[in-house]
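Here the structure comes first, spelled out in structure tokens, and everything after it is commentary.
Only the coordinates and a few stated rules stand behind these numbers; no lab work does. Fair warning: this is a prediction, and the values are worked out from it, not measured in the lab. Here the Cβ positions follow ideal geometry from the backbone for every residue, glycine too, while neighbour counts run over all protein chains shown.
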Amino acid sequence: MSYDSVKWPARGLLGAVSPQARQELLALGVESRFEAGDVLLREGGADRHVLLLLSGFAKVTARVENGEESLLAVRVGGDTVGEMAALDGAPRSATVTACGLVIARIWKPAEVHSLLARRPDVHLTLTGIIAQRLRWANRRRLDFRGYPAKVRLARLLVELATSYGHPVEGGFVLGCRLTQPELAALTGAAETTIHKGLRELRQEGLLETGYGSTVIRDLPRLRKLADLAPEGPAGPEV
């Protein structure tokens, strides 16, 4: 499959590098296919390869102290997963699971190290993406303390729309599908609270949900509710 005409999200590696570097990244490693529920990377694993997602989306989860699974983030086409273990040699810090069909290129550790050595521009871009993810995680912790659940939900929806969504007539379609329990995990709220918040957003004409899709109908108003600036990105990628 040719990816020449794909518009990659700006916050993923493929969207952030130059066209020349992008072609090199798309030729690196081997392409692999993952079905829904397949584990791409497993928490605690000692493997060191990196995956470059080309299509579909995946969830990043980890076990908390009480043994329950917590959703940390989502990754979509254009993103990398597994780069931390490749860079520092530590065990995998999270599990990455395919949500629907995912196509990815698998980079061996030696390929990653060689790439970063000969392409300092890619190295710098990847380092910046990792820093963005860490800043986003820190902001999430502040959001949990500083905003009520409905505002946290609005902030997450704006971020998903501006990072991974695409415009349609009358709104923005989110670029990934998340269940109410998953939205609850990402916002640090109870599932019942998220259910109530989504219902209120629909009643207020800000959101429209259907089977497998979510459409933001009034992004400016949703930004205002989320206490975000009227324009510009909502924050680092999920």
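The shape of the stretch 130-220 comes out oblate: with a ≥ b ≥ c from the C-alpha gyration tensor, a/c is at least 1.5 while a/b does not beat b/c.
With Cβ to Cβ distances under 9 Å as the rule, what net charge do the other residues near THR214 carry (K, R +1; D, E -1)? Neighbourhood net charge equals 0. Taken one residue at a time, the phi angles of the stretch 183-188 give Karplus couplings (6.51, -1.76, 1.60, θ = phi - 60°) of 4, 4, 5, 6, 9, x Hz. Gly and Pro are set to x. The amide H of LEU40, built 1.01 Å from its N in the peptide plane, has VAL96, THR97, ALA98 as neighbours under 5 Å, considering only residues 5 or more places off or on other chains.
Taking 18 Å as the straight-line reach from the Cα of LYS224, the lysines in range (excluding those fewer than 8 positions away in the same chain) are LYS150. The amide H of PHE57, built 1.01 Å from its N in the peptide plane, has CYS99 as neighbours under 5 Å, considering only residues 5 or more places off or on other chains. Here the simple spin-label model places points 7 Å from the Cα toward Cβ, and for SER55 and SER70 these points are separated by 3.5 nm. Taking label positions 7 Å along the Cα-Cβ direction at both ALA10 and ALA229, the computed distance is 1.1 nm, reported to one decimal.
The residue list PHE57, VAL74, THR162 was ranked by how far each Cα lies along the charge dipole of the chain toward its positive end, using unit charges on Cβ atoms, and THR162 comes out on top. The HN-Hα couplings worked out from phi for the stretch 22-39 by the Karplus form 6.51 cos²θ - 1.76 cosθ + 1.60 (θ = phi - 60°) are 4, 4, 5, 5, 6, 9, 7, x, 10, 8, 9, 10, 10, 8, 3, x, 5, 8 Hz, whole numbers, x standing for Gly and Pro. FRET efficiency for the pair ASN138 and SER2, taken as 1/(1 + (r/R0)^6) with r the Cβ-Cβ distance and R0 = 41 Å, rounds to 0.60.
Working ranking of peptides 198-205, 101-108 by packing, defined as the average number of other Cβ atoms within 10 Å per residue, highest first, is 101-108, 198-205. Rounded to the nearest whole Hz, the Karplus-based 3J(HN,Hα) values (6.51 cos²θ - 1.76 cosθ + 1.60, θ = phi - 60°) of the stretch 125-137 follow the sequence 5, 5, 4, x, 5, 4, 5, 4, 5, 5, 5, 4, 4, with x at glycine and proline. Is the stretch 52-106 best put as rounded, prolate or oblate by its Cα gyration tensor, with a ≥ b ≥ c the root eigenvalues, rounded for a/c under 1.5, and otherwise prolate when a/b is larger than b/c, oblate when not? Judged from the Cα gyration tensor, the stretch 52-106 comes out oblate (a/c at least 1.5, b/c at or above a/b).
Only helices enter the 222 nm calculation for the chain: every DSSP H run of n ≥ 4 contributes -39,500 (n - 2.57), and dividing by all residues gives -13000 deg cm²/dmol, rounded to 500.
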